[in-house]
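Here's the structure we're looking at; comments come further down.
The values are calculated or read from the model by the stated rules, or taken from the named source; none is laboratory data. If you're wondering where the values come from, they're calculated on a predicted model, not measured in any experiment. Virtual Cβ from ideal backbone geometry, glycine too; neighbours counted across all protein chains shown. Side chains included, ligands, DNA and RNA excluded: accessible areas come from the protein's heavy atoms. Shrake-Rupley method; radii C 1.70, N 1.55, O 1.52, S 1.80 Å.
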Protein chains: 2
Amino acid sequence: MRIGIIYNVSGHHENWSGRALESLQAEGLRNGGSRRAVIEHLGAQPCCHSAQEIFDDIRGQGKRIGIASVYRALEQLVELDLVQRVELGDGIARFEPAHAGGEHHHHLVCDDCGRIEPFSDPGLEKTLTAVAERLHCGMRSHEVILHGSCAACLTAAL
Amino acid sequence: MRIGIIYNVSGHHENWSGRALESLQAEGLRNGGSRRAVIEHLGAQPCCHSAQEIFDDIRGQGKRIGIASVYRALEQLVELDLVQRVELGDGIARFEPAHAGGEHHHHLVCDDCGRIEPFSDPGLEKTLTAVAERLHCGMRSHEVILHGSCAACLTAAL
DNA sequence: ATACGTGCAAAGTATTTGCAAACGG
DNA sequence: CCGTTTGCAAATACTTTGCACGTAT
């Protein structure tokens, strides 16, 4: 099944791109066109996208870029904790800006229509922190995936 | 990084294999040697394994099996909700018996040593149910992945 | 000037598919 | 028997790597 995207969460960080570019500069990395294009693309997205989607979109803007550069940029950004890599169960890795504060979101995958719906829940975050505490593990990130039917498919099934 | 396994959760369902074989029979499916071998292997494992690991283990017992049969069996079992497919962030799909009752577990991935530690938490399950309720989604399964350091690596780092 | 960044093409893995032979009921 | 299941090999899909050339600093 093809997995698509539903944009329901509007609050993506306004200036994640700027922060990311600064972080790279602080690392002594240069500012070539491809990595910058990937960062700008990610910063404009409210939810996760695959390397292929990012590549296609950037090419669609008429820019010349290779898919290898997309993967290389993503790898570096993940390494610096600026990007979170997400695997939702269809064998394709997706990537989205990692937000430092409480703007974290998770994903609901609709097994009927394949769409991805982001959601967030403060109680869930608190519970996860408590669980990590109990396990005595140094939790650096976490990821929750709900599988089922999205609200739209549930309604349509009536 | 290579991801390995830590076996810390002992309570895997005693007779999952039997139930799975019955379900297949009820579906009118036949009982060939390869699918049965995959089911018996899964039933004996406390945590998730990749298709390649399952294949290697079955071959190691001297049985003749093709990796395509492993993938085909897993696909059917996932379809019937007898097996849960899990992706932990390294691009390899893993599979484990899906337990109907409350014996569900989740995964802590140690980013230092690569091991996978299963854990369970009743409070977490309740929170997830509540979240699904609030989202009005028909939740059929869910998956939580914690990334960080396992207790052993935290201790070693002192 | 020099080391890092990039595009392309080739290689590497994980997974799926085609097919003829083997097998279960 | 007849349709399912299987092993093998080939094909596919996603991702990584090698390398020569371009570019930022």
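Listed values, structure above:
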{"read-out": "For chain B, with +1 on Lys and Arg beta carbons and -1 on Asp and Glu, the positive-most of B:Ala20, B:Met139, B:Ala151 along the dipole", "value": "B:Ala20"}
{"read-out": "Cα-based reach from B:Lys126 at 20 Å (exclusive), listing aspartates and glutamates while leaving out same-chain residues under 8 positions away", "value": "A:Asp121, A:Glu125, A:Glu133, A:Glu143, B:Glu103, B:Glu143"}
{"read-out": "DSSP beta bridges in the stretch A:14-157 [antiparallel fraction, %, rounded to 5]", "value": "75"}
{"read-out": "Label point 7 Å beyond Cα along the C-beta direction, distances from B:Gly33 to other copies (nm, shortest first)", "value": "6.0"}
{"read-out": "Ascending list, in nanometres, of distances separating the A:Ala44 label from those of the other copies (7 Å, Cα toward Cβ)", "value": "5.5"}
{"read-out": "Rounded if a/c under 1.5, otherwise prolate or oblate - the stretch B:11-102, Cα gyration tensor axes", "value": "rounded"}
{"read-out": "Only Lys, Arg (+1) and Asp, Glu (-1) charged, at Cβ; the protein assembly as shown dipole about Cα centre in debye", "value": "800"}
{"read-out": "Total charge dipole magnitude, the stretch B:14-157, about the Cα centre, Cβ charges on Lys, Arg, Asp, Glu only, Debye to nearest 20", "value": "520"}
{"read-out": "Cα-centred dipole magnitude for the stretch B:71-137, charges only on beta-carbon of K, R (+1) and D, E (-1), debye, nearest 20", "value": "120"}
{"read-out": "Three-way shape call for chain A based on the alpha-carbon gyration tensor, with the a/c threshold at 1.5", "value": "oblate"}
{"read-out": "Share of carbon and sulfur in the accessible heavy-atom surface of the protein assembly as shown [1.4 Å probe, %]", "value": "49"}
